[in-house]
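Note sheet for the following structure.
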Amino acid sequence: MRRGLSAFLIGVVFGAGLAVSGMGQPQRILGFLDFTGAWDPALALVMVGAIGIHFVAQRMAKRQPAPLLSPSWPDYPFTRVDARLLAGSVLFGLGWGIAGFCPAPGIISAAAGVREGLIFVPAMLAGMALFHGMENLRARPVADETGAQPVSR
Amino acid sequence: MSPAVAALVGGALIGLAASALLLLNGRVLGITGIVAGLLGPDAGWRASLVAGMLAGGLAVALLVPGALASTVHQPALVLIAGGLLVGFGTRLANGCTSGHGVCGVSRLSPRSLTATAVFMAAGALSVFVARHVLGVSW
């Protein structure tokens, strides 16, 4: 219950921050990514503000045994820079530079009734569903050659 | 507020939210992971966070006209292609601008530092090809 309430209030601050920052304006995103044209560097300050504060919080977390409302810190199961990380980031970046939205500002823009967000978000959700569908297919047990019993790969 | 000050203030709020979620709930503020988790177990706090995010974003949009507005009007097929790439890519990479770009970079994770450099470079490539090779303007 308390975790749900804190998550809601944190969401409010996050959504407000995104809307204030300019991340919800695709023209600003495309301007920021246009390094060889009319480059608009201001959005780099979003990263500066966010990382400047969160870097300190990460240090604070290291000195505490546990979060205030939860028994444990996040676990980070992936540690290696692998092909999936690289390929996924390439695809994400290409799409970000085409649409001008990353996920959270896209979702907020769709809720605000912005045409571009309303088209972008269902496609984004479809892309996420496509990924999960492919993962499930890979993990599905396959029948062996006798066709008798499915076995796990 | 000038765009630069707005970017810094908005960024600070984003950092504050990520910090509170870590220090209170022990969770990473990664929006694609949170959205993907809406269909799984433990969806409650995720749904609360997304609802709050919409409330906060829409409240600012009411106070600051243009905060959520696009002057770029890509054809629908272009937006659909962009959305598919963003959705599939962020799940494959296990993170987007919030999870890798803010949270992971802040804890100096090599994966997140790499992901952030790669998606920014790929984004720049998209814009370069669209604007300076194909010459599109929408």
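Scanning the stretch B:75-100 for residues that are within 7 Å of another protein chain (Cβ to nearest Cβ) and open to solvent by less than 10 Å² (accessible area, probe 1.4 Å) yields a count of 9.
Okay, residues lined up against (1) over 19 Å from the mean Cα position of the chain (by Cα); (2) open to solvent by 20 Å² or more (accessible area, probe 1.4 Å); (3) at the interface with chain A (Cβ under 7 Å from one of its Cβ atoms):
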| residue | (1), (2), (3) |
| --- | --- |
| B:Gly104 | no, no, no |
| B:Pro110 | yes, yes, yes |
| B:Thr114 | no, yes, yes |
| B:Met120 | no, yes, yes |
| B:Gly123 | no, no, yes |
| B:His132 | yes, yes, yes |
| B:Val136 | yes, yes, no |
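The test for being farther than 26 Å from B:Gly87 by Cα and not charged (D, E, K, R) does not hold for A:Ser89. Considering the stretch B:62-74, and only residues there that are part of a loop (DSSP other than H, G, I, E, B) and of a type in the set (A, V, I, L, M, F, W, C), the residue that is most open to solvent (accessible area, probe 1.4 Å) turns out to be B:Val64. Annotation for the stretch A:31-49: no member residue is acidic (Asp, Glu) and within 19 Å of the chain's Cα centre (by Cα). Of B:Ala59, B:Ala81, all but one fail to be in a helix (DSSP H, G or I), free of Cβ contacts under 8 Å to residues at least 24 places away in the same chain and either under 14 Å from A:Val12 (Cβ atoms) or basic (Lys, Arg) (or both); the exception is B:Ala59. Looking at the stretch A:48-75, which of the residues that are open to solvent by 90 Å² or more (accessible area, probe 1.4 Å) and part of a loop (DSSP other than H, G, I, E, B) is modelled with the lowest pLDDT? Filtering first and then ranking leaves A:Asp75.
Could you tell me whether any residue of the stretch A:38-52 is in contact (Cβ under 8 Å) with a residue 60 or more places away in the chain, under 26 Å from B:Gly89 (Cα atoms) and not β-branched (Val, Ile, Thr)? No, that holds for no residue. The set of residues in the stretch A:80-90 that are within 7 Å of chain B (Cβ to nearest Cβ) and surrounded by fewer than 24 Cβ atoms within 10 Å (Cβ to Cβ) comprises A:Val81, A:Arg84, A:Leu85, A:Leu86, A:Ala87, A:Val90.
Residue count for the stretch B:9-50 under the criterion of being open to solvent by 30 Å² or more (accessible area, probe 1.4 Å), part of a loop (DSSP other than H, G, I, E, B), modelled with pLDDT of 95 or more and of a type outside the set (Val, Ile, Thr): the result is 1. Annotation for the stretch B:35-51: at least one member residue is on the phi > 0 side of the Ramachandran plot and either of a type in the set (Phe, Trp, Tyr) or more than 7 Å from chain A (Cβ to nearest Cβ) (or both). Checked against the criterion of being under 22 Å from B:Ser137 (Cβ atoms), within 7 Å of chain B (Cβ to nearest Cβ), in contact (Cβ under 8 Å) with a residue 12 or more places away in the chain and touching a helix residue (DSSP H, G or I) at 6+ places or on another chain (Cβ under 8 Å), the candidates A:Ala104, A:Ala99 yield just one match: A:Ala99.
Would you be able to say whether some residue in the stretch A:108-119 is modelled with pLDDT of 95 or more, open to solvent by less than 80 Å² (accessible area, probe 1.4 Å) and closer than 23 Å to B:Leu134 by Cβ? Yes: the stretch A:108-119 contains one or more residues that are modelled with pLDDT of 95 or more, open to solvent by less than 80 Å² (accessible area, probe 1.4 Å) and closer than 23 Å to B:Leu134 by Cβ. In summary, A:Leu94 fulfils each of the numbered conditions (1) under 20 Å from B:Leu108 (Cα atoms); (2) out of contact with any Lys or Arg (no Cβ under 6 Å at 6 or more places or on another chain); (3) aliphatic (A, V, I, L, M) with the single exception of condition (1).
The values are calculated or read from the model by the stated rules, or taken from the named source; none is laboratory data. Computed from a predicted model, the values in this text were never measured in an experiment. Here the Cβ is made from the backbone with ideal geometry for all residues, glycine too, and neighbour counts use every protein chain on show. For accessibility, only protein heavy atoms count, side chains too; no ligands or nucleic acids. Shrake-Rupley method; radii C 1.70, N 1.55, O 1.52, S 1.80 Å.
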